[in-house]
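Asker: Sharing a structure, written as structure tokens. Questions coming.
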Amino acid sequence: MISVMDGLHIVVSQPPPGVSDEDFNHWYDAHLDEILSVKGFRSARRFQLEPVVGEGTLPCRFICVYEIDGDPREAVAELERAGMGSRDSYADLKDSDDAGALPLPEWWGQVSFASWNCLAQGEERHGPRA
């Protein structure tokens, strides 16, 4: 049986000065496989943010949207148990013998990011299709 997506987990990020978007995106695209190996994380898609309404600049240029099976809070708890719930725990994981194939980039301590759980409110709606 196919489960229905119950919520989202979003992460906004900004590479540190001196790190090209190409290098940042190359690492982040590989990092998605680590996250998607964690129970509850169904799919992921990354986007570059482009301002439309409002003034000023955005603090982060990239966003990753994870579709979650079940409660997003439970999926994030699984992420924490896997050692990927914070910058420090992820660095500790990479320093361990079980670091896996994806090395921690030298700029990891300087990347800016924040995350949120998005809890579904009401039913999904669709507009007309062309």
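The values are calculated or read from the model by the stated rules, or taken from the named source; none is laboratory data. None of these values were measured; they are calculated from a predicted model. Methodologically, a virtual Cβ is constructed for each residue, glycine included, from the backbone with ideal geometry; neighbour enumeration extends over all protein chains shown. Just the protein is used for accessible areas: all its heavy atoms, side chains included, with ligands, DNA and RNA removed. Shrake-Rupley method; radii C 1.70, N 1.55, O 1.52, S 1.80 Å.
Asker: With Cβ to Cβ distances under 11 Å as the rule, what net charge do the other residues near residue 81 carry (K, R +1; D, E -1)?
Answerer: Numbers: positive: 39; negative: 74, 78, 80.
Spelling it out: positives minus negatives among the neighbours equals -2.
Asker: For region 42-104, count all C-alpha to C-alpha pairs, find those more than 14 Å apart, and express that count as a whole percent of the total.
Answerer: Of all Cα-Cα pairs in region 42-104, 70 percent lie more than 14 Å apart.
Asker: Using only the Cα atoms of the chain, what are the Rg and Dmax in Å?
Answerer: Just the Cα atoms of the chain yield Rg and Dmax of 16.1, 52 Å.
Asker: With all protein chains present, how much of the accessible area of region 37-99 (probe radius 1.4 Å) comes from carbon and sulfur, to the nearest whole percent?
Answerer: With neighbouring chains kept in place, the figure for region 37-99 is 46 percent.
Asker: Please list 3J(HN,Hα) in residue order for region 114-128, calculated via the Karplus relation 6.51 cos²θ - 1.76 cosθ + 1.60 where θ = phi - 60°; whole Hz, with x for glycine and proline.
Answerer: Result, ordered by residue: 8, 9, 9, 8, 10, 9, 4, 10, x, 8, 5, 10, 10, x, x Hz.
Asker: Any chance you could get the radius of gyration and Dmax over the Cα atoms of region 88-130, in Å?
Answerer: My reading of the Cα-based Rg and Dmax gives 18.8, 52 Å.
Asker: Kindly report the accessible area of the chain per residue (heavy atoms of protein chains, probe 1.4 Å, no ligands, DNA or RNA), in Å².
Answerer: I get 69 Å² per residue for the chain.
Asker: Another one. Which is the longest part of the chain that has none of the GluC sites (Glu not before Pro) sitting in a DSSP loop with at most 15 other Cβ atoms within 10 Å?
Answerer: My reading of the result: 1-54 is the longest stretch.
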